[in-house]
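Worksheet: the structure to be examined is printed underneath.
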Amino acid sequence: MADKESLELLKKDIKELLQRIVDQDDFECSIADEAIEKLNSLKLTKMAAAAAASAAAAAAAAAAPVESGGDSARTALVMPDEFRCPISGELMEDPVLLKTGQTYDRPFINKWFNKGHNTCPRTNEVLHDMTLTPNRSLRSMILKWCIDNKLELPKLTYEETVAHATESHLDELLNQLLSSSLSDQKLAAKELRQIAKWNHEFRSLFAKLPDSIERLLHPISVDHVNLHPDLQEDLITTVLNISLSGDNKKRLVENQLVLSLLIQSLQYGSSEAKANAAAAIFSLSLYQENKIAIGNAGAIKHLVGLLDEGHPVVMRDAASAIFTLCTASANKEKAVSSGVVVSVLRNITEGVLVDELVSVLALLSNNMKAISIMCKLNAVSCMLKVIRESTSQGVKENCISILDTISSTYRSKLKEIQEDENANGMISKLSRNGNSRAKRKAMSVLEKLQRAGSITHTA
């Protein structure tokens, strides 16, 4: 319930920010940055929900009865009594203490209070102070028990993320990552990931604590990045979450360990680790000064490699990162040399992520090497097909922009464009019905076709 309420609050914040941007002719850039940050948080939440649903399905399958000798049997896992909420009888997700010393799961004790009760359910003692104090030691024991028994971990509630957003708690978790105990490291990584997902103040604390990034990534040093995939996923996702804070963007990229581990995750991580590493690079590249550093670190060729990954989330995050990085002209050559045009055109031809990848291609269309490769790979017929089939004005605009550049550079392609125009008339339609830029580019192509026709006729 708390997650749902938090999601609604986040959507409300986004709506208000976007309204301010629309209403103000000269809005502050910080408003746009905050909107982007919250949109990224919303994206992360949706990704986390999908991952949680997948994990729940896997857990249900694993708990199915096992048949042996014609008999069905299920091995029951005995839960320690102190882990059960006295009200619900279920595993506590957010244990909190009352002044009586009794512990309850936060949602259920809140329901008890909301019904008008002012007593401790177990002792019947009248409460003059209904303060709820997080029982962190018990929660740590519950998390460890879940990890040891390969159970899905309880999620932090929104209230608990607020309660834990303190510098001392962050310092405590980061020091726990330095522990020689793998179990302790995994517990700390899970909690860091969950709190950083929701709490902006907590994310900002990373910029204030000394050696916070080094301590965060200590368990997955470059030599051991793939030994524990679940730990890698949690820490890489935490990097993504804290990258949403503007205070952290520059500091993260200046730390050579960060980019090294992100690139390692692009290469060898699980699908979730790859997607979140690509999303982290996208987030970090929103800071203009980071783009060249990320490109020089060698991230682009590995992002291009993910375009053939086959996993839609991974591919989409990689495409977003490539696009943002290539808004810096120095990175365009790196992307083209890494085979981005080949991968992009292959996916567009197969109907995969057409909207996103056409945008990448349009961004690269002022690079002569990219245009040459496009012509060799029949980009003209591909773009004409997309114009015929797409319903998106933005996609059509990008396609006609690419065709305009190609026809200006390689006049031999005008014949192919003219043949399609004679058969379908799509460029003429775009010159009448497209958005302003699409109309302008379509008219430019039509003028080239007309001039080429005149030259042919007089010859």
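Summarising the amide proton neighbourhood of Thr119: residues at separation of 5 or more, or on other chains, whose placed amide H is nearer than 5 Å comprise Leu127. Descending by average beta-carbon neighbour count within 10 Å, the peptides 357-366, 201-210, 79-88 line up as 357-366, 201-210, 79-88, the highest first. Per residue, the solvent-accessible area of the range 341-428 (1.4 Å probe, heavy atoms of protein chains only, all protein chains present) comes to 41 Å².
Which whole-number percent gives the relative contact order of the range 180-296, counting Cα pairs below 8 Å spaced six or more residues apart? Walk me through the intermediate numbers first.
Details: 126 pairs, mean separation 31.3, N = 117.
Computed value for the range 180-296: 27 percent relative contact order.
Residue by residue, the range 93-108 carries 3J(HN,Hα) couplings of 9, 9, x, 10, 9, 8, 5, 6, x, 7, 10, 9, 6, 3, x, 7 Hz when phi is fed to the Karplus relation 6.51 cos²θ - 1.76 cosθ + 1.60 (θ = phi - 60°); x denotes Gly or Pro.
Quick check: at a probe of 1.4 Å, how many percent of the accessible area of the range 330-379 sits on carbon and sulfur atoms?
Reported share for carbon and sulfur atoms: 53 percent.
What is the calculated FRET efficiency for Lys111 to Leu227, with r their C-beta to C-beta distance and R₀ = 41 Å, to the nearest 0.05? For R0 = 41 Å, the calculated efficiency reads 0.45.
Going from the alpha-carbon gyration tensor of the range 317-452, what semi-axes, largest first and in whole Å, does one get by taking the root of 5 times each eigenvalue? Don't skip to the answer; put the middle values down first.
Working: eigenvalues 111, 49, 35 Å².
For the range 317-452, the ellipsoid semi-axes come out as 24, 16, 13 Å.
Farthest towards the positive end of the charge dipole of the range 349-459, among the residues Thr409, Thr391, Ile427, is the Cα of Thr409, using unit charges on the Cβ of Lys, Arg, Asp and Glu.
As an exercise, use a Förster radius of 45 Å and the Cβ-Cβ distance of Lys415 and Leu39 to find the FRET efficiency, rounded to the nearest 0.05. For R0 = 45 Å, the calculated efficiency reads 0.50.
Roughly how many Å is it from the Cα centre of the range 109-134 to that of the range 426-444, as a whole number? Using only Cα atoms to place each centre, the spacing works out to 67 Å. Rounded to the nearest Hz, the phi-derived 3J(HN,Hα) couplings of the range 315-330 under the Karplus curve 6.51 cos²θ - 1.76 cosθ + 1.60 (θ = phi - 60°) are 5, 5, 5, 5, 4, 5, 5, 4, 4, 5, 5, 7, 6, 8, 4, 4, where x marks glycine and proline.
What is the percent carbon and sulfur in the accessible area of the range 254-316, measuring with a 1.4 Å probe over the protein chains and ignoring ligands? Don't skip to the end; give the middle numbers.
Working: 1160 of 2340 Å².
Carbon and sulfur: 49 percent of the exposed surface of the range 254-316.
For the pair Ser260 and Thr166 in one chain, pulling the backbone fully straight at 0.36 nm per residue adds 31.0 nm over the alpha carbon distance.
The values are calculated or read from the model by the stated rules, or taken from the named source; none is laboratory data. This one's a predicted model, so the numbers in the text were calculated from it and none came from an experiment. Heads up, the Cβs are rebuilt from the backbone with ideal geometry, glycines too, and the neighbour counts pull from every protein chain shown. With ligands, DNA and RNA removed, areas are computed over all heavy atoms of the protein, side chains included. Shrake-Rupley method; radii C 1.70, N 1.55, O 1.52, S 1.80 Å.
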